[in-house]
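A.B. asks: One structure coming up, written as structure tokens, with questions to follow.
The values are calculated or read from the model by the stated rules, or taken from the named source; none is laboratory data. Being a predicted model, the structure only gives us computed values, none of them experimental. So basically every Cβ, Gly included, is an ideal-geometry build from the backbone, and we count neighbours across all protein chains shown. Ligands, DNA and RNA are stripped out before the accessible areas are found, and what is left, the full protein with its side chains, is counted by its heavy atoms. Shrake-Rupley method; radii C 1.70, N 1.55, O 1.52, S 1.80 Å.
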Amino acid sequence: FDLEDAGFYWYHPHCDTVLQMGSGLYGAILVDEPNEPEELGDETVLLLSDVSLDAAGNPLPVPSGAAAVVGSEGNVVLVNGLVYPTLDVGHGRRQRFRVLNAARARYFRLGIAGHGFLKIGADSGIVEAPIPVDQPVLAPGERADLLLEPLGEDASSVDLVALPISRGLPSPQSYEVPVM
């Protein structure tokens, strides 16, 4: 079948949604644009989420009702189901991150020290002109298409972190956590 609209989409259940998404039932769907320029960079899909684990690494119960979305951030951040993964990139080799916030309540304000991003797409698809953004913010369910050109020495590393952010709800400001 033909897919008419290129873009970065996602799926999740609509029955007991918070419980099932909190258990990892979601995924990405990427529909490529056949006429897209090749120079956008090396592409990586980043599914951001969080889970709540006890000291032994066992899952804690997923909150329900209003508690599920008001301040119920998990205590472990996951990227593509992994804790603090790494991504090897070449010096000066542009990266394209297709980012999805699949967390049930956590907002992600992303940052890399000394780097900024170009936002080339969002939930509605590719934007008309790239938008420079130092620290993109993604609310739960939001998607962003970001370009990054790594700076620094070959074989050096940078950390992608979720910076503190206040959601304007009756919950405390989030704290900084490593993402990648």
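A.B. asks: State the number of residues belonging to the stretch 15-33 that are touching a residue at least 24 places away in the same chain (Cβ under 8 Å) and surrounded by fewer than 16 Cβ atoms within 10 Å (Cβ to Cβ).
C.D. replies: Of the residues in the stretch 15-33, the ones touching a residue at least 24 places away in the same chain (Cβ under 8 Å) are 18-19, 21-24, 26, 28, 30-33.
Subset that is surrounded by fewer than 16 Cβ atoms within 10 Å (Cβ to Cβ): 23-24, 30-33.
Qualifying residue count, the stretch 15-33: 6.
A.B. asks: What's the number of the condition Leu118 fails, among (1) farther than 26 Å from Asn75 by Cβ; (2) open to solvent by 80 Å² or more (accessible area, probe 1.4 Å); (3) among the hydrophobic types (A, V, I, L, M, F, W, C)?
C.D. replies: (2)
A.B. asks: For the stretch 71-108, how many residues are in a strand (DSSP E or B), out of contact with any helix residue (DSSP H, G or I) (no Cβ under 7 Å at 6 or more places or on another chain), surrounded by 17 or more Cβ atoms within 10 Å (Cβ to Cβ) and not aromatic (Phe, Trp, Tyr)?
C.D. replies: As a first pass, look at the stretch 71-108 and keep what is in a strand (DSSP E or B): 76-79, 82, 95-101, 108.
Checking the rest, the ones that are also out of contact with any helix residue (DSSP H, G or I) (no Cβ under 7 Å at 6 or more places or on another chain) come to 76-79, 82, 95, 97-101, 108.
Add one more test, that the residue is surrounded by 17 or more Cβ atoms within 10 Å (Cβ to Cβ), and what stays is 77-79, 95, 97-101, 108.
Cutting the leftovers down to not aromatic (Phe, Trp, Tyr) gives us 77-79, 95, 98-101.
Count: 8.
Residue-wise test of (1) modelled with pLDDT under 90; (2) on the phi > 0 side of the Ramachandran plot.
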residue	(1), (2)
Leu46	no, no
Leu53	yes, no
Leu60	yes, no
Gly65	yes, yes
Ser72	yes, no
Asn80	no, yes
Phe97	no, no
Ile112	yes, no
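A.B. asks: Still on this structure, I have one more. Restricting attention to the stretch 121-151, and to residues there that are of a type outside the set (A, V, I, L, M), open to solvent by 40 Å² or more (accessible area, probe 1.4 Å) and assigned to a loop (DSSP other than H, G, I, E, B), which single residue is farthest from Val83 (Cα to Cα)? Write out each step before concluding.
C.D. replies: Our first condition is that a residue be of a type outside the set (A, V, I, L, M); within the stretch 121-151, this holds for 121, 123-125, 128, 130, 132, 134-136, 140-143, 145, 149-150.
So of that shortlist, the ones also open to solvent by 40 Å² or more (accessible area, probe 1.4 Å) come out as 123-124, 128, 130, 132, 134-135, 140, 142, 149.
Now drop any that are not assigned to a loop (DSSP other than H, G, I, E, B), which leaves 123-124, 134-135, 140, 142, 149.
Numbers: Asp123: 25, Ser124: 29, Asp134: 24, Gln135: 21, Pro140: 19, Glu142: 21, Glu149: 24 Å.
Here the residue is Ser124.
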